[in-house]
Amino acid sequence: MEDKQLTLVEHLSELRKRIIIIFIAIILGAVASYKYIDIIIEYMVKPAQKLEFIYLSPPELFMAYIKIAIVVGIIISSPISLMQIWLFVKPGLKKNERKYLLLALYLGIVFFLVGSVFAYFTIIPITIEFFTQLSVEQIAPLFSFDSYLSFISSLLFSFGLVFELPLLIILLTQLNLITANTLKKYRKIVILIIFIIAAILTPPDVVSQVLLALPMVFLYELSIWISAWIGRRKKQRNNS
């Protein structure tokens, strides 16, 4: 049975309802995260065990805790948030579009987490090790915890987004919006754009930029292969 068409007022009422649910889910997630903030902080500083942290103003550490709680709250409430987005857009989608979008929403979480875990265990320790080796006897590495938080957050977020690339390519290929030949044709331009994006997303240092750009190039090449494979399957189905 087809979903009934909603009026503009009903759409706005539905949107308001979904936003309120998402907001409540994030708040509850943030409160739960703050309750276990000590455990979360322990994991956050683990990649930088050799560093000593300070805070530069009385409220700085407390505000850093609040930021962490909110970010973690957003992450752990993301399944609820995505479900609310899905329920809102579902009536306006065709059957095949619903299938692809629902798959993309939840695979998106998986891909984002894989990228963030990769950054946490591989990229962040390498980056911190590189910069701490630059210290000399007269200049010891002593970091503000808020600065460290901003640094690793940007890396975790950047790598989480980068690992969404194959999923995006799969979705666009399934919807016949791009092909492997198109991806190959613009490969050089895309690689240039990748290095520009890496420079924007990462902290202002060459090491982080290169460490982000290289996986992006690899994932782009992987996306070309995936797109070609999907294209071959479609061709075989059409010929059968």
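Subtracting the Cα-Cα distance of residue 11 and residue 236 from their residue separation scaled by 0.36 nm leaves 76.9 nm. Taking 84, 209, 133 in turn, the Gaussian network model of the chain (Cα-Cα springs below 10 Å) assigns the largest fluctuation to 133. Of the peptides 105-113, 167-175, the ranking by mean beta-carbon count within 10 Å, highest at the top, reads 167-175, 105-113. The modelled label-to-label distance for the pair residue 60/residue 122, using points 7 Å beyond Cα in the direction of Cβ, is 3.3 nm. This model, with +1 at the C-beta of Lys and Arg and -1 at the C-beta of Asp and Glu, gives region 1-92 a dipole about its Cα centre of some 60 debye.
Take the Kirkwood radius over Cα pairs of the chain, plug it into Stokes-Einstein at 10 °C and 1.306 mPa s, and you get 76 µm²/s for translational diffusion. Residues whose amide H comes within less than 5 Å of that of residue 144, counting only those at least five positions distant or on another chain, are 54 (H built at 1.01 Å from N in the peptide plane).
Counting 0.36 nm for each residue step from residue 196 to residue 76 and taking away their Cα separation leaves a gain of 40.1 nm. Of the listed pairs 99/185; 50/188; 67/184; 67/185; 67/99; 46/90, which have alpha-carbon separations greater than 31 Å here? Distance filter (> 31 Å) returns 50/188; 67/184; 67/185; 67/99; 46/90. Taking 7 Å steps out from each Cα toward its Cβ at residue 67 and residue 23 produces label points 2.4 nm apart.
Histogrammed with a bin width of 5 Å, the alpha carbon distances of region 63-135 distribute as 3, 13, 15, 15, 16, 13, 9, 6, 5, 3, 2, 1 percent, first bin at zero. Accessible surface for the chain, divided over its residues, is 65 Å² per residue with a 1.4 Å probe.
With springs only between Cα atoms under 10 Å, which of 78, 13, 227 fluctuates most in a Gaussian network model of the chain? In this elastic network of the chain, the residue with the biggest mean-square fluctuation among 78, 13, 227 is 13.
The values are calculated or read from the model by the stated rules, or taken from the named source; none is laboratory data. Not measured: the values here are computed from a predicted model. Every residue, glycine as well, gets a Cβ built from its backbone with ideal geometry; the counts of neighbours run over all protein chains shown. We work out accessible area using only protein heavy atoms, side chains counted, and drop any ligands, DNA or RNA first. Shrake-Rupley method; radii C 1.70, N 1.55, O 1.52, S 1.80 Å.
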